[in-house]
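Comments concern the structure below.
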Amino acid sequence: MKAIEIRNKYLNFFKKNGHEIIPSAPLIPENDPSVLFTTAGMQPLVPYLLGEKHPNGTRLVDYQKCVRTNDIEEVGDNRHLTYFEMLGNWSLGDYFKEESIKMSYEFLTKELNIEPEKISVTCFAGDEDCPRDEVTAKCWKEVGIPEERIYFFGKDDNWWIAGEEGPCGPDTEMFYDTGKPKCSEECNPSCDCGKYVEIWNNVFMEYFKDKSGKYTKLKQHNVDTGLGLERMAMLLQGKETPFETEIFEPIMNKLVEIQKVDNIESRRIIAEHLRSSMMIICDGGKPSNIDRGYILRRLIRRMIRHMNNLQIPLEELSTLIDINVENLKEMYPILEEKRETLKTVITEEKDKFVKTLTKGEKEFIKEIEEVKKQGKDIVDGKMVFRLYDTYGFPPEVTEELARENGMQIDKKEFERLFKEHQEKSRAGAEQKFKGGLAGTGEMETKYHTATHLLNAALRQVLGEHVHQRGSNITAERMRFDFSHDNKMTEEEKQKTEALVNEWIAEAIPVEHIEMKKEEAIKSGAEAMFIEKYGDIVSVYKIGDKSIELCGGPHVSNTSELGHFKIKKEESSSSGVRRIKAILE
Ligand code: SER
């Protein structure tokens, strides 16, 4: 049975049982900046689980697109996925344990034709917050599950909550017995040896856990169930991994055909991350250096590293995207609609990564040799961060490279530096109007520093009357407006360009200082809208070349900018000239 057939059977079965079919919410949660992606079907329904009336009634069914990235590094094994589809049925203060269990059992045994002997279930064993769930166990017995296949476990296994606080409750999980021998006498559904595979989770959501950890009863009892589609398809098709199902088969086959080096883990990573990236992009995701964008960037870049591992030409990406669109468009028609966007976004990210990859790998190898010389086997966090910050190396990539060299990375220290950086980027984004900064990605940051150098160079070449009048930055180029009356001569342009490149070559550190506004003005700091700043101002200083009031973010050293080139100089408005320039 194909995944789409399972999905359709599910929706129809619950429709027949009085449920309204509702559409999947987008992967990028609407109006919820607290989570990066939709991670479970219940997430978009939280207000209704808490008692708000749902326009479609009290019995709902849907399939929900989900992304979970906590286990991103596990992808490549035989089961982990970052993107998956969750089938779910809900009772919002409607039916409870008995009916929910009856329907689940009927769906599994009658619709999916799973032999009843293959099903085991688990129930909540009880603790000080909530009693042992005998009711659920009784319901299971009534539908025909014998006592020896009904297990009881504590909160670790049989309690469900999304995160730390919110609606929650005991759950009952259904397991499929693959028929493998028990790994030990004690082997049971909580064991992950592979004999038992969890297929469905019904949460009986009657509690609310608050920030302090206290549980209170909800106004209404709810049922929230989740059935992982890829896993079910895998089991029903008698496959060992989701990668052998029709969802991944075409792309896995293509990878075998075009690879020059054979590695199943790499193939799985490419197949999984490509599908996941495509789904995120379809819902509006864009690669960047923070939050959701960063996850997407990580997925794409990790995929590319593994294409390199298999020595697959990166131009093949377009074909791989086409294969996925063709294969998955029946399940997700949006893929067809977004085919071109998918190609553009992924190709652009690939191009960015390729540029930095070569440089970064060289840098990494240098560092590794140094670390080895010192007789150590840990790459320090600063280095990992530098590779990330300067070369766009996701830490997982560095970690993988390290592992290939028999080393580890100092992840803790990296995470500390990364957090610091994120906070700075955010502060920068809030202040973006001040410098006309459009984004805070790696390239935008470089261009941002380049505008400071250009401003300083123009003041040297054309005179002190030059001040910034505006700027506009994208990842591809910068535009800089400044006060000056005449068209610049060829010589002036060349001189300006040469000065900027000279300063880049000098590898000048970029310093971030906070000082009193008057002090900043006294020290001659350039400022575009002085009146917009508070008493304490943020100043960026580049050696003795430039000092400007600015919210950042900036690179930490001018050497990171590459080569600066003026593409055009033209009039912007009366008394204002405009330069378009690029970094290459
Ligand atoms: N919320 C539960 C889960 O994610 C059931 O849908 O497993």
Q) Per residue, what volume in Å³ does the convex hull of the Cα atoms of region 260-332 enclose? A) 89 Å³
Q: Highest first, please rank the peptides 152-158, 511-517 by the mean number of other Cβ atoms sitting within 10 Å of their residues.
A: 152-158, 511-517
Q | Around residue 204: net Lys/Arg minus Asp/Glu count, Cβ-Cβ under 9 Å | A | -3
Q) Of 338, 239, 65, how do they rank once you tally other Cβ atoms within 10 Å and put the fewest first? A) 239, 338, 65
Q) Name the GluC sites (Glu not before Pro) in region 1-107 that are in a loop by DSSP and that have at most 11 other C-beta atoms within 10 Å, would you? A) 30, 52
Q) Under the rule of -39500 (n - 2.57) per DSSP H run of 4 or more residues, summed and divided by the residues of the chain, what mean residue ellipticity at 222 nm is obtained, to the nearest 500 deg cm²/dmol? A) -12500 deg cm²/dmol
**Q.** Mean shadow area of the chain over all directions, Cα convex hull, nm²
**A.** 31.9 nm²
Q) Relative contact order of region 162-253: what whole-number percent is it, with Cα pairs under 8 angstrom and at least 6 residues apart? A) 25 percent
Q: Using only alpha carbons, build the gyration tensor for region 298-406 and give me the equivalent ellipsoid semi-axes, biggest first, whole Å.
A: 34, 13, 11
Q. Which whole-number percent gives the relative contact order of the chain, counting Cα pairs below 8 Å spaced six or more residues apart?
A. 9 percent
Q. Using 14 Å as the cut-off for backbone N distance, which residues of region 93-108 belong to the label zone defined by a point 7 Å from the Cα of residue 135 along Cα→Cβ?
A. 93-102
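Which entries of 366/495; 65/343; 286/567 have Cα-Cα distances beyond 30 Å here?
On the way: 366/495 35 Å; 65/343 21 Å; 286/567 27 Å.
Too far apart for the 30 Å limit: 366/495.
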Q: Quick one: which residues, 5+ away or cross-chain, put their amide H under 5 Å from the amide H of residue 114? H built at 1.01 Å from N.
A: 109
Q.
Report the gain in length on full extension from residue 410 to residue 567: 0.36 nm times residue separation, minus Cα-Cα distance, nm rounded to one decimal.
A. 52.3 nm
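FYI, it's all coordinate maths here, none of it is from the lab. Since the structure is predicted, the reported quantities are computational estimates derived from the model, not experimental observations. Ideal geometry is used to build each Cβ from the backbone, glycine not excepted, and the neighbour counts take in all protein chains shown.
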